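Only one structure is covered here, and it is reproduced in the block below.
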Amino acid sequence: MEINHTEIDVRYAETDQMGIVHHSNYLIWFEIGRTNFIKQIGFNYADMEARGILSPIIDVQLSYKNPAKYGETVIIETWLKTYDGIRTTYEYRITNQKEDLLVTGSTIHVVVKKDNFKPILLRKTYPEWHQTYKNLIKEEE
């Protein structure tokens, strides 16, 4: 399984008065992990956007296990869970450096045209990306 590991130092601005990371920041960290995963497998989301194509989230799931705290370094693990040619599911696991599990979650995405948000097939727009995802999923079977 191809897994991206991204380290983030918890910044003061991401925390509340108690020094605990605000829940909304985990979605931002998911995005950072996902972007790095995509780069790791040889693609660039910014290039896709430059061609007028977006990949919005249509579903998100987060499960909070333990709080991340100011001053910690967290590790975001990101991998491709499912891909059916239309929907892509990424999964995430966030731990601290002591390997305490902080958050698990997933996001589901589709690919759309930027100008009208109509779904398009990745295999027609980015056949190499499509084939890479199919290969990654096949490795899991």
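Observations on the model:
- Cα principal axis extents for segment 1-46, largest first, Å: 40, 22, 14
- Evaluated over segment 16-85, the Cα radius of gyration and Dmax, each in Å: 14.7, 44
- Remark: for residue pairs 65/118; 39/114; 39/69; 65/113, the C-alpha separation exceeds 30 Å in 65/118; 65/113.
- Segment 64-79 residues near the modelled residue 104 label - backbone nitrogen below 16 Å, point 7 Å along Cα→Cβ: 64-67, 76-79
- Normalised per residue, the volume of the convex hull around the Cα set of the chain (Å³): 115 Å³
Bear in mind these aren't lab numbers, they're just calculated from the coordinates by the rules spelled out. Values in this document were obtained by computation on a predicted structure and should not be read as measured data. Backbone-built Cβ (ideal geometry, glycine too); neighbour counts: all protein chains shown.
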